[in-house]
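The values are calculated or read from the model by the stated rules, or taken from the named source; none is laboratory data. Predicted model only: the values in this text are computed from it and were never measured. Cβ coordinates were reconstructed from backbone atoms using ideal geometry, including for glycine residues, and neighbour counts include every protein chain displayed.
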Amino acid sequence: MHTKTVAQLAQGLQQGEFSSVELTTAYLERIEKLDGQVNAYVTVTAEQALVAARAADARIKAGTAGPLTGIPIAHKDIFCTDGVRTSCGSKMLDNFVAPYDATVVSRFKEAGVVMLGKTNMDEFAMGSSNETSYYGPVRNPWDLNAVPGGSSGGSAAVVAARLAAASTGTDTGGSIRQPAALCGITGLKPTYGLVSRYGMIAFASSLDQAGPMAQSAEDCAIMLGAMAGFDKRDSTSLERSVPDYRAGLNNPLAGLKIGLPKEYFGEGLDAGVARVVEAAIAEYKKLGAEVIEISLPNTHLAVPVYYVVAPAECSSNLSRFDGVRFGYRCEDPKDLMDLYKRSRGEGFGPEVKRRIMIGTYVLSAGYYDAYYLKAQKARQLISNDFKSAFEQVDVIMGPTAPTVAFNLGEKSSDPVTMYLSDIYTIAANLAGLPGMSIPAGFVGNRPVGLQLIGNYFDEARLLNVAHQYQQVSDWHSRLPDGFK
Amino acid sequence: MQWEVVIGLEIHAQLATQSKIFSGAAIAYGAEPNTQACAVDLGLPGVLPVLNAEAVRMAVKFGLATGCEIGQRSIFARKNYFYPDLPKGYQISQHDLPIVGRGALEIELEDGSIKIVGITRAHLEEDAGKSLHEDFAGLTGIDLNRAGTPLLEIVSEPDMRSAKEAVAYMRKIHALVQYLEICDGNMQEGSFRCDANVSVRPKGQHAFGTRAEIKNLNSFRYIERAINFEVERQIDVIEGGGTIVQETRLYDPDKHETRSMRSKEEAFDYRYFPDPDLLPVVIEDSFIEAVRATLPELPAAKKQRFEQDYGLKGDEAAILTGSRELASYFETVVQASGGEAKLAANWVTSELLGALNRDGKELGDSPVSAEMLALMIKRIVDNTISGKIAKQVFAAMWAGEGDADTIIAAKGLKQVTDTGFIEKIIDEVLANSPTQVADYKAGKEKMLGYLVGQIMKASQGKANPAQVNQLLKQKL
């Protein structure tokens, strides 16, 4: 059963080939047996999963099931889940049991989804390798010596290893797309404002966006249909109707204009990754697409701008973790200042502290204009690049990440090198555009992702473009050895 | 050396919305600690703020009433600092682009002259919770009921030159926000409070002196005393050869002094930046016009109308328009009494306000309603009772003995207009007062008053005074 996609599983459930309880049990058994190798789950909610599976079976029987009813998925541990520990990969929240569901979680609940558990992640979503987690690194199912990418490394790994039918992730600078690429799965970061951020623990509020991670574009379409839509509890969510993302999956690509930004194929791109991406582009040409070289001249600003804006917002967002009301509190604080200093000093890991310090610095009196304000202006330039590009092309393509998955520990002592793993993904967050990563091949035994960037609210087109490629390739349906 | 005092005020008016500024939690005062704080107010991980449209409407109302500019695009910003009763580690406020911009307010000084005080801006922000240091034996309790309560911070220009002017300005804003029904004005509960920026400079000097900010003043008396204390302190320091340091000070009403809280060096760097969780507030002209249509008659216009329509004197009109509630009480009395504006003004300003003041009651708690007072006035006008007897009736109504008619009947206070009865009393009094009658006839006109008094006394105040006068003169 675990080799099936969400779409196939839904069919099996509807046709009574198996029940949700059987399916859920099968996944729980796989998790029990295999998760030790990858460390992708922080919490497995077996009991609740079986309760939900029984309820889903009843719905299926009653004929009130939807396309996700009874499907076992995993949520990134950044989404608050009522009554279940929500750690955000941090010691700070190791003891935090959320008293409410994030909007994303409650929408999946309403759809009848079975939550198998919560996935491992970089601490507070800050990292590109899943090595900053308090719960230890996740390993890449394709090569256990390699990182899965981050920050949604656990969510990528559970799909790659088929320890869940699909998962949710969040993407602030590439945290869905980069691990999707490194783990050989399909991941979508929607337009900023499409999916509610309520209940998703904030890293950088103006960049954070939740999205689906799955085996295929079709599965992402099904997942996104449940996640998307206006939420009155999130002022940045947009009031617009949610299209049927599956409806246009089979549209032909003849005449599609694909833009290849020359800046995404320059220095720093691994030659093997470049070859895989070029082969995928060639495939698109066969499907009738037209390829146009374009320029996004401010691409070089993306990483520096991001490392001003994201830390600035995180330095403020993470102030609530002060040891006063919830989360980690140091032992025997002497006074208030001691409580603050030690709770935060002991509760946060080094990468989180580094970003809080950068953010505090760039917002400080006398530095604000030079850093934060300037970064906001540069951010506008980056958006403008895309605006011009989308006047010429329908979709932008390139590599998701400059290299395939690197080895555990390889970059963890060099933050700047680590930050450069998101060099191609960050710009979409800064501009608020939707982006996808789809499996396009391998370098050795490690997967390569092809990135698709679309215009605002053009998710349906991205999914269509991705789906058409997946009709003529099988990279997305391959399983790593040891997880077959 | 002659010193000039320079004062600017930052007034915090708690907006009278049903719920908090960024969450749906209620804001009633005095609830059990932490019973009016939802996930958003607690700053739980993952929660987001959603702006209360009513708070925006109220802020715009204030801006329109003071002729201030309305910020067509205003931005919420985060003011970052750590404190246990500040759950998110930042306060959502407005920094660069406030919702209300420049304007001005006229205040009347004690000598009757008019002064214009500039309003710099007014911005929306959320209140913090409360830290409770008592009852926890060495620990601090946190009550987050107040966290997220909407505040309008009204910042004045440094235009005031004495504590009295500051109080006059504060009173004016206090009356205005209540007129607009955007704040209950309750200073004891902290719904209306201010911080005062105070400095002194040699008279004639253009540049401002270094200022101290006195925090959290919540009564008109304290404001005046705190400012006066601070002014004297600053003058003493300067005249003693010292310099004023920019700092935040607290006023201690028990010791009647201000104390340093923190200096500029210790001041927080709040690291303001636009709150990415909230979109810019864009205010359309149509919204402004819709709010303008809901503006009530403002105090100045009402005072003028009272003078014109009711023929009231300036000071009477000023008293009666001091609060919207009192003005409305007065107008109800006028209407229900059949247009007896002068009598109504007299009775409201003297008897009613006197009784409220004496018993420490608010108008809302008055045992004598506007309708009751109107009925009593009608009874004066139709000669059922005299003005003097009316005081007795008012006292009885105040004591809860019923309406005027009930009291007049129960106590037999109905005025006597029966000429025969009055003449009989006059005859008795004249017979008993031969000396006074003789004096009167000898030219001592004052004796008439004495005789009237005696007659009224003998009638137990019930004789109609006009008739008594007339008949007495005839008989004499």
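Some notes on this structure:
- Any hit, region A:453-474, residues being touching a strand residue (DSSP E or B) at 6+ places or on another chain (Cβ under 9 Å), buried (at least 18 other Cβ atoms within 10 Å of the Cβ), in a strand (DSSP E or B) and not hydroxyl-bearing (Ser, Thr, Tyr): yes
- Exclusive hit being at pLDDT 95 or above and out of contact with any His (no Cβ under 9 Å at 6 or more places or on another chain), set B:317, B:345: B:345
- In summary, residue B:308 fulfils each of the numbered conditions (1) closer than 30 Å to residue B:50 by Cα; (2) within 28 Å of the chain's Cα centre (by Cα) with the single exception of condition (1).
- Failed criterion for residue B:53 (all others in (1) touching a strand residue (DSSP E or B) at 6+ places or on another chain (Cβ under 7 Å); (2) without any contact (Cβ under 8 Å) to a residue 12 or more places away in the chain; (3) among the small types (Gly, Ala, Ser); (4) within 13 Å of another protein chain (Cβ to nearest Cβ) hold): (1)
- Hits in region A:221-262 (condition: more than 14 Å from chain B (Cβ to nearest Cβ), of a type outside the set (Phe, Trp, Tyr), closer than 24 Å to residue A:109 by Cβ and touching a helix residue (DSSP H, G or I) at 6+ places or on another chain (Cβ under 6 Å)): A:221, A:222, A:226, A:227, A:243, A:246
- Of the helices (runs of 4 or more DSSP H) entirely within region B:361-476, those holding at least 3 residues that are closer than 19 Å to residue B:337 by Cα occupy B:370-381, B:387-398, B:404-411.
- The single residue among A:173, A:211 that is more than 14 Å from chain B (Cβ to nearest Cβ), within 22 Å of residue B:78 (Cβ to Cβ) and either at pLDDT below 95 or surrounded by 24 or more Cβ atoms within 10 Å (Cβ to Cβ) (or both) turns out to be A:173.
- Residue in region B:120-139 that is charged (D, E, K, R) and closer than 30 Å to residue B:316 by Cβ present: no
- Looking only at region A:106-134, and only at residues there that are part of a helix (DSSP H, G or I) and surrounded by 23 or more Cβ atoms within 10 Å (Cβ to Cβ), the one that is farthest from the other protein chains (Cβ to nearest Cβ): A:108
- Test result for residue A:318, in contact (Cβ under 8 Å) with a residue 12 or more places away in the chain and within 14 Å of chain B (Cβ to nearest Cβ): yes
- Pick from region B:70-120, criterion small (Gly, Ala, Ser) and in contact with a Gly (Cβ under 7 Å, 6 or more places away or on another chain), ranking: farthest from residue B:272 (Cα to Cα): B:104
- Considering B:114, B:142, the condition of being out of contact with any Leu (no Cβ under 6 Å at 6 or more places or on another chain), more than 14 Å from chain A (Cβ to nearest Cβ) and on the phi < 0 side of the Ramachandran plot is satisfied by B:114 alone.
- Unique residue being over 25 Å from residue A:355 (Cβ atoms) and assigned to a strand (DSSP E or B) when the list is A:288, A:255, A:259: A:259
- Look at (1) at pLDDT 95 or above; (2) among the charged types (D, E, K, R); (3) buried (at least 19 other Cβ atoms within 10 Å of the Cβ) and you find that residue A:422 fails only one, number (1).
- Options A:291, A:273: the member that is under 30 Å from residue A:474 (Cβ atoms), more than 14 Å from chain B (Cβ to nearest Cβ), surrounded by 15 or more Cβ atoms within 10 Å (Cβ to Cβ) and free of Cβ contacts under 8 Å to residues at least 40 places away in the same chain: A:291
- Residue within region A:414-421 that is part of a loop (DSSP other than H, G, I, E, B) and either without any contact (Cβ under 8 Å) to a residue 40 or more places away in the chain or on the phi < 0 side of the Ramachandran plot (or both) present: yes
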